[in-house]
Amino acid sequence: MSEPETAGRAAFPYPELAAELQQLADRDRELTISTQLESAPGHLDRFRCEAAGWELDFSRHLLSPEAVDSLMKLADAAGVLRDREALFEGQPLNHTEGRAVLHTLLRADTAPAGLEAEFNAVQDCQARMSDWVHAVHEGTHRGHGGERIRHIVNIGIGGSDLGPRMAVEALRPWHVDGLEVLFCANVDPDDLAARLAPLDPSTTMFIVCSKTLRTEETLHNARSARQWLLDGGVPGDALGNHFLAVSTNLEAAADLGIPAANTLPMWDWVGGRYSLWSAVGWSIAFAVGMDRFQELLDGARAMDQHFREAAPECNMPLWLSLLEIWYVNFMGAQTHAVIPYHQDLALLPAFLQQLSMESNGKRVNHQGQALDYATAPILWGDVGTNGQHSFHQLLHQGTVLCPIDFILLTDTAASHDREGKQRLLANGLSQMRALMVGRDAAASRESLEARGIDSGRAAELAPHLVIPGNRPSSTLSCGHFEPATLGALLALYEHKTFCSGRIWQVNSFDQWGVELGKEMGAEIFAALGGSGQRFDLSTNAMLESIIDE
Ligand code: F6P
């Protein structure tokens, strides 16, 4: 905190456009969303686009056609769509670490020019991944005593956990029979113990999943898992039957005693939070089979193609990003909610948190200058309808501007309980509508009187029932949800994150902010073990309060 924070700060790029957008935002803040929607000809069609099985409806925003034009000019000035090619070509966009950013190559079906070696490495890796998945599913690979593998436990954290964990849950209807995939991320010993308690070591296999294999949590849990296997009767020389690894650090995997044949590679050109398409997604392939995993990749590739080819006005990732820029930089929003109306997508907000906040939660631009403008908002969310009974109160009547992405899977016929699914969707639609139209004082009074409350008391209570409405939200809807549409949805948010990062001029692919805590964690752990190192008064007091007999 010692550096003078205001001097020499970088202003929002493109100052003239920024001034124009600010003026428009100050005006559009006063718009009435429902009036815009009803009275502007063609509004619904103009604020809608389709890609890879998804439709984005962004007609319910505080956004005039003039603001749309200015945002398009901003995207053009920022060169967002020009820069997307740098992504697909593998240019070193992660310049602070000197790395290319090539997660799109993991789902490519042909080798981009100049990237043949990387493409072939990915194909080889997928072939080996597939062999293992088939071997476990068909029972040709078994536990040390000849029993079939019944549980796969992915040990990893951050990008080596959130994406696979979310996708495995999201693809529940496609899970293969007889094999359960579980996840352990936290170094909290109670987490691993709880995961392992019902499992049998002779039928359990672990995937140690870590890009670096230097992550404390994962290394500790991998060692604990190894001990659990040994304690459970797995002979030391048969541990290979029960361990797989995914890492760029093949030597560290060998040091853990995991045979090279059981270890799949990662590459430094894949960021952790963009890695579920690689062997980091092995757990997904075990859960749903390699064909379904391939469909996930196919869907992501369809969204890649849309992002590369669609014109700016109907480019879905670009639109999600421009809405983010609009609210964060010109309307002052500090938060963004994602609310899927689908229980199996419950972990999507947590996945998106890492994707967005670790990528774009940055305070300096490419040149290292401190920014004088906001970057990634706080992203959060939970499934509907559950959230309706907790945080939706704030969304409807709180004082915070929080744009929302609603995610709806609209295929009621596919449900085993059509009425239940209709109830779920009706709830989603009603939330979007209530946020937009609200309820005024007169309607609030009427509603109270209809409940038998006398008119005097109704007048007193009415302000508590008023819902101002005019709260912005988008809807992403999908008519037929399957592995491919999940892939497309995740790629959509990846590309949105890319676009916002380009406009903010931040490196969306590094994460230096998480390092300091890790370094301090190692010192404090050593102090707990008796190193004698002292810290600030507060930390010292806390250390003394930890009883370590
Ligand atoms: O602590 C943050 C982080 O570096 C993430 O970026 C990454 O996804 C996670 O840790 C796990 O890293 P690894 O896969 O190397 O264990």
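The values are calculated or read from the model by the stated rules, or taken from the named source; none is laboratory data. This structure is a prediction, so every number in the text was calculated from the model and none was measured. Using ideal geometry, Cβ is built from the backbone for each residue, glycine included, and neighbour counts are taken over all protein chains shown. For accessibility, only protein heavy atoms count, side chains too; no ligands or nucleic acids. Shrake-Rupley method; radii C 1.70, N 1.55, O 1.52, S 1.80 Å.
Quick look at the numbers
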read-out	value
Where Asp177 falls short, out of the listed (1) within 16 Å of the ligand (Cβ to nearest atom); (2) under 30 Å from Leu408 (Cβ atoms); (3) acidic (Asp, Glu)	(1)
Meets criteria (more than 16 Å from the ligand (Cβ to nearest atom), crowded, with 21+ Cβ neighbours inside 10 Å and free of Cβ contacts under 8 Å to residues at least 60 places away in the same chain) for Val328	yes
Residues within the stretch 426-456 that are under 10 Å from Ile467 (Cα atoms) and open to solvent by less than 30 Å² (accessible area, probe 1.4 Å), tallied	4
Residue check for Leu323: closer than 29 Å to Leu105 by Cβ, touching a residue at least 24 places away in the same chain (Cβ under 8 Å) and within 16 Å of the ligand (Cβ to nearest atom)	no
Some residue of the stretch 460-469 being closer than 30 Å to Leu171 by Cβ, of a type in the set (A, V, I, L, M, F, W, C) and modelled with pLDDT of 95 or more	no
Some residue of the stretch 351-366 being within 16 Å of the ligand (Cβ to nearest atom) and among the basic types (Lys, Arg)	yes
Test: Leu264 is aliphatic (A, V, I, L, M), farther than 30 Å from Ala75 by Cβ, open to solvent by 20 Å² or more (accessible area, probe 1.4 Å) and within 16 Å of the ligand (Cβ to nearest atom)	no
Odd one out for Gly146 among (1) open to solvent by 20 Å² or more (accessible area, probe 1.4 Å); (2) in contact (Cβ under 8 Å) with a residue 12 or more places away in the chain	(2)
Residues satisfying the stated conditions in the stretch 88-128, i.e. of a type in the set (Phe, Trp, Tyr) and without any contact (Cβ under 8 Å) to a residue 24 or more places away in the chain	Phe119
Selection within the stretch 189-216 - within 16 Å of the ligand (Cβ to nearest atom), assigned to a helix (DSSP H, G or I) and open to solvent by 50 Å² or more (accessible area, probe 1.4 Å)	Glu216
Single residue of Gly299, Gly271 found to be open to solvent by 10 Å² or more (accessible area, probe 1.4 Å) and either closer than 25 Å to Leu320 by Cα or aromatic (Phe, Trp, Tyr) (or both)	Gly271
Single residue of Glu30, Glu66, Glu16, Glu85 found to be touching a residue at least 60 places away in the same chain (Cβ under 8 Å) and either out of contact with any helix residue (DSSP H, G or I) (no Cβ under 7 Å at 6 or more places or on another chain) or surrounded by fewer than 17 Cβ atoms within 10 Å (Cβ to Cβ) (or both)	Glu85
Segments classed as helices (runs of 4 or more DSSP H), wholly inside the stretch 467-549, with at least 3 members that are touching a Leu at 6+ places or on another chain (Cβ under 8 Å)	483-504, 515-528
Qualifying position, being closer than 23 Å to Val68 by Cβ, among the acidic types (Asp, Glu) and more than 18 Å from the chain's Cα centre (by Cα), among Glu313, Glu295	Glu313
Some residue of the stretch 487-504 being touching a Ser or Thr at 6+ places or on another chain (Cβ under 8 Å) and within 13 Å of the ligand (Cβ to nearest atom)	no
All positions within the stretch 371-404 that are of a type in the set (A, V, I, L, M) and out of contact with any helix residue (DSSP H, G or I) (no Cβ under 6 Å at 6 or more places or on another chain)	Leu371, Ile378, Leu394, Leu395, Val400, Leu401, Ile404
Residue identified as within 30 Å of Leu486 (Cα to Cα), open to solvent by less than 20 Å² (accessible area, probe 1.4 Å) and part of a helix (DSSP H, G or I) among Leu74, Leu56	Leu74
Selection within the stretch 226-248 - within 15 Å of the ligand (Cβ to nearest atom) and either open to solvent by less than 30 Å² (accessible area, probe 1.4 Å) or at pLDDT 95 or above (or both)	Leu244, Ala245, Val246, Ser247
